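K.L.:
Let me begin by handing over the structure; questions about it come next.
The values are calculated or read from the model by the stated rules, or taken from the named source; none is laboratory data. This one's a predicted model, so the numbers in the text were calculated from it and none came from an experiment. Don't worry about glycine lacking a Cβ; one is built from the backbone with ideal geometry, like all the others, and counts go over all protein chains shown.
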Amino acid sequence: MASAVHPLDARSQLLSNGAHVGALCLVELQKLRHDRKELYTRAVQPALWLLIFGETFSHLHAIPTSVPYLDFLAPGILAQSALFVSIFYGIQIIWERDAGVLAKLMATPTPRSALVAGKAFAAGMRALVQGLVVLVLAALLGVALTTNPLRLAGVVVVVLLAAAFFSTLSIVLAGIVLSRERLMGIGQAITMPLFFASNALYPVALMPRWVQAIAVVNPLSYEVNALRGLLLGTPAALGTDIGVLAFSAAAGITTAARLLPRLTR
C-alpha cells in the first residue's frame with residue numbers, strides 16, 4: 001500500500017514550485033526593463049484601436065451598447081493586448097530550445113508543470129505591463145474606469161489567468177510544430193478569429209448565431225466580460241468568468257507540461 005505524502009513535504013513542494021514560478025516572473029520583468037522598445041512598439045496597436053476605431057465608432061453610434069462605446073471597447077482592447085503578447089510566447093520557448101536553455105531547465109529537479117506555469121505567468125507579467133499602457137490611454141480618453149483597489153486587483157488576476165492560458169496554448173502549438181516559422185503562421189491565423197469571435201468589439205447579441213456559438217466557448221469572451229464588470233461595473237458573472245479562465249489556464253499548463261519534452265528532442 002502506497003504511503004501517504006506528509007503534509008509538510010507537500011507544503012514544502014508547493015512553496016518550492018511557487019518560488020520557481022516567481023523567479024521566472026522576475027526574470028521576465030528584468031527582460032522588459034532592458035528592452036523597453038518592445039513595450040513601446042507593442043503599445044502602438046492598442047493605441048490605434050482606441051484612438052481610431054473607438055473614437056470613430058463612438059461618433060457613428062453604429063454599435064448599440066449599454067455604456068459609451070469607447071468605455072465598452074477599452075476592456076476589449078486590454079484583453080486583445082494581453083492576447084497578442086501571450087499567443088506568440090511559444091516562439092521564445094523554441095528560441096530557448098535552440099540556445100540550449102530549455103534543456104538546462106529540464107535537467108533541474110523543477111517539475112515540468114512548474115516550469116510551464118512560470119513561463120505562463122511570466123507572459124502574464126508582460127501582458128500586465130502592456131495592459132497598464134492601455135488603461136492609462138483609456139483614462140486619458142475619458143473612459144470611466146474604476147479606482148477601487150479590490151476591483152483593480154481582480155483585473156490583475158483576470159489578465160494573468162487569460163495570458164497564462166493563451167501562452168500555454170502557444171507552448172502546446174510549439175510542442176507540435178517545433179518550428180518558429182510555422183508557429184508564427186499559426187499564431188497569426190488564430191489570433192484575429194479569436195479576437196473577432198469574442199465580445200471585445202461588439203455585444204454577443206449582435207453576432208450571427210454561428211459566431212455566437214464560437215464566442216460562448218472562446219476564453220477571450222470570458223476575459224472581456226470579467227474586465228468590463230471589474231473596470232466599468234457592468235453586469236457580469238465574475239465567478240463563472242474567473243472560473244472558466246482558471247480552468248483554461250490549468251488545462252493549458254497540464255497539456256503544455258506533457259508536450260514540453262518534445263521540444264528538447
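K.L.:
Go through (1) surrounded by 13 or more Cβ atoms within 10 Å (Cβ to Cβ); (2) more than 18 Å from the chain's Cα centre (by Cα) for His61 and report which single condition fails.
P.N.:
Here His61 meets the rest and fails (1).
K.L.:
Given Leu152, Leu128, which one is touching a residue at least 24 places away in the same chain (Cβ under 8 Å) and out of contact with any helix residue (DSSP H, G or I) (no Cβ under 6 Å at 6 or more places or on another chain)?
P.N.:
The unique qualifying residue is Leu152.
K.L.:
Does Val134 count as crowded, with 22+ Cβ neighbours inside 10 Å and in contact with a Ser or Thr (Cβ under 9 Å, 6 or more places away or on another chain)?
P.N.:
Yes: the conditions hold for Val134.
K.L.:
I would also like to ask the following. Within the stretch 198-214, take every residue that is hydrophobic (A, V, I, L, M, F, W, C) and surrounded by 20 or more Cβ atoms within 10 Å (Cβ to Cβ) and give me the one that is nearest to His61 (Cα to Cα).
P.N.:
For the stretch 198-214, the residue satisfying everything is Leu201.
K.L.:
Same structure again: Quick one: count up the residues across the stretch 215-241 that are crowded, with 17+ Cβ neighbours inside 10 Å and outside any loop (DSSP other than H, G, I, E, B).
P.N.:
16
K.L.:
So is Leu259 at pLDDT below 90 and out of contact with any Leu (no Cβ under 7 Å at 6 or more places or on another chain) or not?
P.N.:
Yes: the conditions hold for Leu259.
K.L.:
Quick one: in the stretch 64-92, of everything that is among the hydroxyl-bearing types (Ser, Thr, Tyr) and without any contact (Cβ under 8 Å) to a residue 60 or more places away in the chain, which residue is surrounded by the fewest Cβ atoms within 10 Å (Cβ to Cβ)?
P.N.:
Of everything passing the filter in the stretch 64-92, Tyr69 is surrounded by the fewest Cβ atoms within 10 Å (Cβ to Cβ).
K.L.:
Touching a residue at least 40 places away in the same chain (Cβ under 8 Å), buried (at least 20 other Cβ atoms within 10 Å of the Cβ) and part of a helix (DSSP H, G or I): does that describe Leu259?
P.N.:
Spelling it out, it is not the case that Leu259 is touching a residue at least 40 places away in the same chain (Cβ under 8 Å), buried (at least 20 other Cβ atoms within 10 Å of the Cβ) and part of a helix (DSSP H, G or I).
K.L.:
Let me ask something else about it. Right, Thr191: over 15 Å from Ala249 (Cα atoms), hydroxyl-bearing (Ser, Thr, Tyr) and in contact (Cβ under 8 Å) with a residue 40 or more places away in the chain or not?
P.N.:
yes
K.L.:
Might you let me know whether the stretch 156-178 holds any residue that is under 20 Å from the mean Cα position of the chain (by Cα), farther than 24 Å from Met192 by Cβ and modelled with pLDDT of 90 or more?
P.N.:
Scanning the stretch 156-178, I find at least one residue that is under 20 Å from the mean Cα position of the chain (by Cα), farther than 24 Å from Met192 by Cβ and modelled with pLDDT of 90 or more, so the answer is yes.
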